[in-house]
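Presented below is the structure to which this report refers.
The values are calculated or read from the model by the stated rules, or taken from the named source; none is laboratory data. Just so we're clear, the structure is a prediction, and the values are computed from it rather than from any experiment. FYI the Cβ positions are ideal-geometry reconstructions off the backbone, even for glycines, and counts take in every protein chain you see. Note: accessible area is taken over every heavy atom of the protein model, side chains too, but ligands, DNA and RNA are not part of it. Shrake-Rupley method; radii C 1.70, N 1.55, O 1.52, S 1.80 Å.
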Amino acid sequence: MTLRRMIWAVGLVALGACGLGCTADNVEDYVHGEDEEMGDSVLGEEAGAAPGVRVPSTVTLDRRGVFYLTFDDGPSPRYTRRILQVLAAHRAPATFFTTGANLAGNEAIVREIEAAGHIVASHQWSHVVATTEQLRTWAPRQRARLDEILGHAHTRYFRYPYGSGSTAKEAVLREAGYPDGGIGWDVDTLDWCYASGTCSRAPAAFRSNFTGFVMSEARRRGGGVILFHDIQGVTANNLDAILTQMEAAGYRFANLPTAGR
Ligand SMILES: [Zn+2]
């Protein structure tokens, strides 16, 4: 078993440890390691119908040739600043869904994200499929922590790890000041799947071509919210090429609406 496989297996154990019997106090905070082969992709079509996978209709977006860049699972001391540099070079705004357990020690990066004009948002305290009770504890905890780091209230956007929402969790989020519930995505880049260079989940033509896959998906959808992870080196290394190709294809970048949020 390679180290990466081992980390992945540990991650699955952490996920499994947080089943229905899990409470907020008996699970350790779990975050993805950098370049770990796990992301927020949803397995199976059934999960796609649950709240949290798609972008809720309360978030009004113009998807005609417009992409809304989002980066999950950070902040990453290794990659987030590199991604910020690429975004600045392209004048592209983005939303960073930060994992609460990743905030300690990375507070300066969080402030740099906002200072660069991007949105700082919540990606739950611990990167697991939370129970409703856990979310009831974690949602206000991360709101308070992000607000403390930024010195003011952060925008009220939240994304579930793995898009793992439910009707009950949506109610918890609204009570905690996330009025839209979970923010999903339209395009999944599968960047985590490309961590080792080849992604078996991608179509054969793109299995070893991350940039080609992202462009193919972008063309297929024509606009919308696009999911990356700022803990993935493959994203940090290829983002400049991707944004350059998207610009050449005539696409624009915008950020999620912040008025009233
Ligand atoms: Zn995630």
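Residues G52, G48: which one is modelled with pLDDT under 95, under 14 Å from the mean Cα position of the chain (by Cα) and not in a strand (DSSP E or B)?
On the way: G48 fails: under 14 Å from the mean Cα position of the chain (by Cα).
G52 is the lone residue from the list that is modelled with pLDDT under 95, under 14 Å from the mean Cα position of the chain (by Cα) and not in a strand (DSSP E or B).
Just one of (1) at pLDDT 95 or above; (2) assigned to a loop (DSSP other than H, G, I, E, B); (3) of a type in the set (S, T, N, Q) fails for N237. It is (2). For the range 139-183, filtered to residues that are more than 24 Å from E112 (Cβ to Cβ) and among the acidic types (D, E), the residue that is nearest to the chain's Cα centre (by Cα) is D180.
In the range 185-195, the condition of being touching a residue at least 60 places away in the same chain (Cβ under 8 Å), within 16 Å of the ligand (Cβ to nearest atom), out of contact with any Lys or Arg (no Cβ under 9 Å at 6 or more places or on another chain) and part of a helix (DSSP H, G or I) is met by at least one residue. Pairing residues of the range 218-244 that are under 19 Å from G52 (Cα atoms) with residues that are basic (K, R) and open to solvent by less than 10 Å² (accessible area, probe 1.4 Å), at Cβ distances under 8 Å and at least 6 apart in sequence or on separate chains, gives no pairs at all. Residues that are of a type in the set (D, E, K, R) and part of a helix (DSSP H, G or I) were ranked within the range 201-227; the one that is most open to solvent (accessible area, probe 1.4 Å) is R220. Residues that are under 21 Å from R159 (Cβ atoms), away from the ligand (no atom under 15 Å from the Cβ) and either surrounded by fewer than 16 Cβ atoms within 10 Å (Cβ to Cβ) or modelled with pLDDT under 95 (or both) within the range 82-106 comprise just one, A104.
Selection of the range 150-165 for residues being outside any loop (DSSP other than H, G, I, E, B), under 29 Å from E37 (Cβ atoms) and open to solvent by 10 Å² or more (accessible area, probe 1.4 Å) yields only Y162.
Filtering Y68, Y79 for residues that are open to solvent by 10 Å² or more (accessible area, probe 1.4 Å), in contact (Cβ under 8 Å) with a residue 40 or more places away in the chain, of a type in the set (S, T, Y) and under 19 Å from A259 (Cβ atoms) leaves a single hit, Y68. When A115 is tested against (1) crowded, with 16+ Cβ neighbours inside 10 Å; (2) without any contact (Cβ under 8 Å) to a residue 12 or more places away in the chain, just one condition goes unmet, and that condition is (1).
Does T198 qualify as being surrounded by fewer than 20 Cβ atoms within 10 Å (Cβ to Cβ) and of a type in the set (V, I, T)? Can you show your working first?
Details: surrounded by fewer than 20 Cβ atoms within 10 Å (Cβ to Cβ): yes; of a type in the set (V, I, T): yes.
Yes.
Of the residues making up the range 115-129, those that are out of contact with any Ser or Thr (no Cβ under 7 Å at 6 or more places or on another chain) and either of a type in the set (A, V, I, L, M, F, W, C) or away from the ligand (no atom under 16 Å from the Cβ) (or both) number 5. If you check A176 against the conditions, is it aliphatic (A, V, I, L, M), away from the ligand (no atom under 15 Å from the Cβ) and more than 30 Å from T244 (Cβ to Cβ)? Answer is yes for this residue.
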